[in-house]
Amino acid sequence: MRIATWNINSITARLPRLTQWLETAQPDVLCLQELKVSEDGFPRDALAALGYESVVNAGGRWNGVAVLSRVGVEDPAVGLPDAPAYDGVVEARAAAATCGGVRVWSLYVPNGREVGHPHYDYKLEWLAALRATVEQPAAGSAPFAVLGDFNIAPTDEDVWDIAEFDGATHITEREREALSALESAGMKEVHPRPLKYDVAFTYWDYRQLCFPKNKGMRIDLVYGNSAFASAVGDAYVDREARKGKGASDHAPVVVDLEV
DNA sequence: ATGACTGCAATATGCAGA
């Protein structure tokens, strides 16, 4: 079974790219983030025509996540239990489904903006809610994974130049402690292999030739429980999807399970 | 060559992304 995650930065702008990628990569399950679309505007029919059912949590102009599956959808859920609000709004940042016997969450972790900004505290609170949500399934025997844009680089090597990030979000101890908390709950990170260069970056800014210069970050992550992690046969970042005009600024992470 | 931000809501430019 092939499971992938991709921050597509607008499903409306990216629909031609998305359908092309589904046809070539042939994922059984795809977690999407940054839909940037209303519930009504989600291209449910176009995806159904390709054989995918969709569990959608869409919030309009910002955020928005979905789980696409061509191996069935059971127990769909939208929204992280006890997720904090920001400016009084509980944003569309989580959606879940059990697909072909594998429970997955598609996650779009808050950016944090700046250390000390209210959005940074919101990010940490949101990650605490995630830790609580994974607690039980992490310890279970059924395969379970959380996939998405975590907006955290797990180590200093996961950004192109750590010196450029002095004082910035995405690399701070408190953010990385939230990832460690997932691991202490029983989740293991699935490490994708790069198709080029040393590190499997998943994000490159649109500006200043970041992609050609490989000034990237590895912030789109996959964490699975023991049953999931032990079934992983291969994992990689499809950087080809970042090339050319009309690309998202993120590349998909692809995980192949031996089930 | 992979190439010098992009998408959205609004309808000019500002916000957000990280």
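The values are calculated or read from the model by the stated rules, or taken from the named source; none is laboratory data. In this text the structure is predicted, and so the values were computed from the model without any measurement. Glycine gets a Cβ as well: all are built from the backbone with ideal geometry, and neighbour counts include every protein chain shown. These area figures cover heavy atoms from the full protein model, side chains too; ligands, DNA and RNA do not enter into them. Shrake-Rupley method; radii C 1.70, N 1.55, O 1.52, S 1.80 Å.
Points to keep in mind about this one:
- Taking residues in the range A:1-23 that are more than 14 Å from A:G64 (Cα to Cα) and in contact (Cβ under 8 Å) with a residue 60 or more places away in the chain, and partners anywhere that are open to solvent by less than 40 Å² (accessible area, probe 1.4 Å) and in a helix (DSSP H, G or I), the pairs with Cβ atoms closer than 6 Å and at least 6 places apart or on different chains are A:W21/A:A241.
- Only residues that are surrounded by fewer than 19 Cβ atoms within 10 Å (Cβ to Cβ) and in a helix (DSSP H, G or I) were counted in the range A:129-177, giving 16.
- Looking across the range A:204-240 at every residue that is surrounded by 14 or more Cβ atoms within 10 Å (Cβ to Cβ) and among the hydroxyl-bearing types (S, T, Y), the one that is nearest to A:L127 (Cα to Cα) is identified as A:Y223.
- Among the residues examined, A:R174 does not qualify as in contact with a strand residue (DSSP E or B) (Cβ under 9 Å, 6 or more places away or on another chain) and more than 11 Å from DNA strand B (Cβ to nearest atom).
- Only one of the numbered conditions (1) closer than 24 Å to A:G101 by Cα; (2) out of contact with any His (no Cβ under 7 Å at 6 or more places or on another chain); (3) not aliphatic (A, V, I, L, M) is violated by A:W6, and that is (2).
- Residue that is farthest from A:N111 (Cα to Cα) [pool: residues in the range A:178-203 that are within 14 Å of DNA strand B (Cβ to nearest atom) and crowded, with 21+ Cβ neighbours inside 10 Å]: A:F201
- A:S54 modelled with pLDDT of 95 or more and away from DNA strand B (no atom under 16 Å from the Cβ): yes
- Selection from the range A:1-46 of residues that are hydroxyl-bearing (S, T, Y) and within 16 Å of A:S106 (Cα to Cα): A:T5, A:S10
- Scanning the range A:1-20 for residues that are surrounded by 21 or more Cβ atoms within 10 Å (Cβ to Cβ), more than 9 Å from DNA strand B (Cβ to nearest atom) and more than 21 Å from A:H191 (Cα to Cα) returns a single hit, A:L18.
- The range A:241-259, residues that are open to solvent by 30 Å² or more (accessible area, probe 1.4 Å) and within 16 Å of DNA strand B (Cβ to nearest atom): A:K243, A:G244, A:K245, A:G246
- Any pair with Cβ under 9 angstrom, 6 or more apart, that starts in the range A:34-48 at a residue that is of a type in the set (V, I, T) and ends at one that is within 8 Å of DNA strand B (Cβ to nearest atom): A:V37/A:S10; A:V37/A:I11; A:V37/A:T12; A:V37/A:G60; A:V37/A:R61
- Selection of the range A:51-85 for residues being of a type in the set (V, I, T) and either free of Cβ contacts under 8 Å to residues at least 40 places away in the same chain or surrounded by fewer than 19 Cβ atoms within 10 Å (Cβ to Cβ) (or both) yields A:V56, A:V67, A:V71, A:V73, A:V78.
- Test: residue in the range A:75-91 that is among the small types (G, A, S), more than 16 Å from DNA strand B (Cβ to nearest atom) and farther than 20 Å from A:E125 by Cβ: no
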